[in-house]
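Single-structure report; data block below.
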Amino acid sequence: MQTTQVDVRHGLINFGIGQPGFSILPTEIIQKSAAHCFGRLDPDQINYGAEQGDELFRESLAQFLSPRYGFSVQRDELFVTTGNSAAIDMVCAMFTRPGDTVFIEEPTYFLALSIFQVDYALNVVPIPVDEQGMNMAVFEAELAKHQPKFVYTTPTYHNPTGYTLSQARRERLHDLAQSHDFLIIADEVYQMLGYEADQPPPPAMAQFTAGNKVISLSSFSKILAPGLRLGWAQAGPELMERFVTFGKIASGGSANHMGSGIARSAIELGLQAEFLDEIKALYRERIQVMEDALRTHLPADVHWEKPAGGFFFWLKLPDGMSATQLSAAADAHDIGFVPGPKCSNINGLDQYIRLSFAFYENDQIIEGCKRLGKLFHS
Ligand SMILES: Cc1ncc(COP(=O)(O)O)c(C=O)c1O
């Protein structure tokens, strides 16, 4: 039986896995929500579904998002997707042709990179990130040389660094998108996964959708269950028109009508809200466990910032140490992580590694950090 797409061979602790662990996946909530959804089934729910996605689901989702995004979300701005991976693929199909230029972050979410480079043959220009998100001086210098179709960014609790784009940079980026006519594809999958109540992130990039330059993407993968294959794109009216007339949607209707019915029930029953609060408390604790274990077991010249949200620690290795070499030796210690160069389209960042605390429970996090410590000292 295939249980997962990731490497979970017996004995290995693979901090490279950036998805919720099995003990977190909410089988009971999905059972209750599906029973509620199917208990009130009418023919419309087993029809194709409106191109934009079921209106009642979008209304529930808008109400769920508004208090969590920090502004009022309208159902007419929401479009049902089958998750962010599929939505990224869709925006590439809609807005690019092979050889077009897109800007990405350096580092970036490595699986998006393969959609851009391998699947769509795009010319990818990396923009370095720091603690405040994308370096806007470099961005503007690259903008003087290229006309990107879009910039792909994970503005909040970035994968892999955990950094958050400041509000000032968000505004600057949006001004540049208006003046230089490019789109901002904001992957906001971690926006609602902030763990420090006293340090909320800036409002989602979806705050700018009215200008028709921002497409905000998010998904139920990190806040409920990846297997639902359900997400949403948020966009202003001009861009929404592109989504609802996209060929496969015009032909097939809602991207995930049944899944959206189950999620609507989860929201209406209050289960989604409860679960989000529960996992936020759990991840907050895991971060502290990983933070303490890393401080105990790793050499003092490994550096990182304790993340305030998202799924990842981003570690800077001591001078002269290579993430690629460390990664090659890791398997023998039954430990795994993502080496920095995997998140770079220019094979950079060999002094960094990404660790996720989302997949493992506290005792395994501690054991994994011990193994990591041995690897560093080997
Ligand atoms: C930044 C980012 N985007 C997208 C995804 C995948 O999203 P989905 O499951 O909605 O396809 C992930 C999952 O790791 C991610 O970290």
Would you check if there is a residue in the stretch 86-98 being without any contact (Cβ under 8 Å) to a residue 24 or more places away in the chain and either away from the ligand (no atom under 16 Å from the Cβ) or in contact with a strand residue (DSSP E or B) (Cβ under 9 Å, 6 or more places away or on another chain) (or both)?
yes
Here the residues within the stretch 99-108 that are within 12 Å of the ligand (Cβ to nearest atom) and over 17 Å from the mean Cα position of the chain (by Cα) are none
Can you pull out every residue in the stretch 132-182 that is in contact with a Pro (Cβ under 8 Å, 6 or more places away or on another chain) and assigned to a strand (DSSP E or B)?
G133, M134
Report yes if P160 is surrounded by 16 or more Cβ atoms within 10 Å (Cβ to Cβ) and in contact with a Lys or Arg (Cβ under 8 Å, 6 or more places away or on another chain), otherwise no.
yes
Any idea which residue in the stretch 121-131 is nearest to the chain's Cα centre (by Cα), counting only those that are farther than 22 Å from D100 by Cβ and outside any loop (DSSP other than H, G, I, E, B)?
V129
Could you please let me know if G53 is farther than 30 Å from W314 by Cβ, within 16 Å of the ligand (Cβ to nearest atom) and not assigned by TED's automatic domain parsing to the domain that holds A323?
yes
Considering only residues that are out of contact with any helix residue (DSSP H, G or I) (no Cβ under 6 Å at 6 or more places or on another chain) and surrounded by 15 or more Cβ atoms within 10 Å (Cβ to Cβ), look in the stretch 129-142 and name the one that is nearest to L165 (Cα to Cα).
M134
Within the stretch 109-120, is even one residue at pLDDT 95 or above, in a helix (DSSP H, G or I), more than 27 Å from P339 (Cβ to Cβ) and under 18 Å from the mean Cα position of the chain (by Cα)?
no
On the given criteria, is D301 surrounded by fewer than 20 Cβ atoms within 10 Å (Cβ to Cβ), at pLDDT 95 or above and in a loop (DSSP other than H, G, I, E, B)?
yes
Could you list, in sequence order, the residues of the stretch 19-60 that are under 22 Å from the mean Cα position of the chain (by Cα) and of a type in the set (K, R)?
R58
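Residues checked against (1) buried (at least 24 other Cβ atoms within 10 Å of the Cβ); (2) within 17 Å of R75 (Cβ to Cβ); (3) not aromatic (F, W, Y):
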| position | (1), (2), (3) |
| --- | --- |
| H180 | no, no, yes |
| D198 | no, no, yes |
| P203 | no, no, yes |
| P226 | no, no, yes |
| R229 | no, no, yes |
| E241 | no, yes, yes |
| S260 | yes, yes, yes |
| I267 | no, yes, yes |
| Q272 | no, yes, yes |
Have a look at S72, S60 and point out the one that is free of Cβ contacts under 8 Å to residues at least 40 places away in the same chain, under 20 Å from Q191 (Cα atoms) and of a type outside the set (V, I, T).
S72
May I ask you to list the residues in the stretch 146-161 that are more than 9 Å from the ligand (Cβ to nearest atom), closer than 18 Å to V214 by Cα and of a type in the set (S, T, N, Q)?
Q147, T153, T156
Note on L113: of the conditions (1) without any contact (Cβ under 8 Å) to a residue 60 or more places away in the chain; (2) within 16 Å of the ligand (Cβ to nearest atom), unmet is (1)
Checking I24 against (1) touching a strand residue (DSSP E or B) at 6+ places or on another chain (Cβ under 9 Å); (2) within 16 Å of the ligand (Cβ to nearest atom); (3) outside any helix (DSSP H, G or I), the condition it does not meet
(1)
Scan the stretch 78-105 for residues that are surrounded by fewer than 22 Cβ atoms within 10 Å (Cβ to Cβ) and not in a helix (DSSP H, G or I) and jot them down.
T82, T96, R97, P98, G99, D100, T101
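One line per residue, one yes/no per condition, for (1) aliphatic (A, V, I, L, M); (2) over 30 Å from P160 (Cα atoms):
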site: G18; (1), (2): no, no
site: D44; (1), (2): no, yes
site: L56; (1), (2): yes, yes
site: L61; (1), (2): yes, no
Out of curiosity, is L224 within 13 Å of the ligand (Cβ to nearest atom) and under 21 Å from the mean Cα position of the chain (by Cα)?
yes
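The values are calculated or read from the model by the stated rules, or taken from the named source; none is laboratory data. As the structure is a computational prediction, the values presented were derived from the model and not from experiment. Neighbour counts are summed over all protein chains in view; Cβ atoms, including those assigned to glycine, are modelled from backbone coordinates with ideal geometry.
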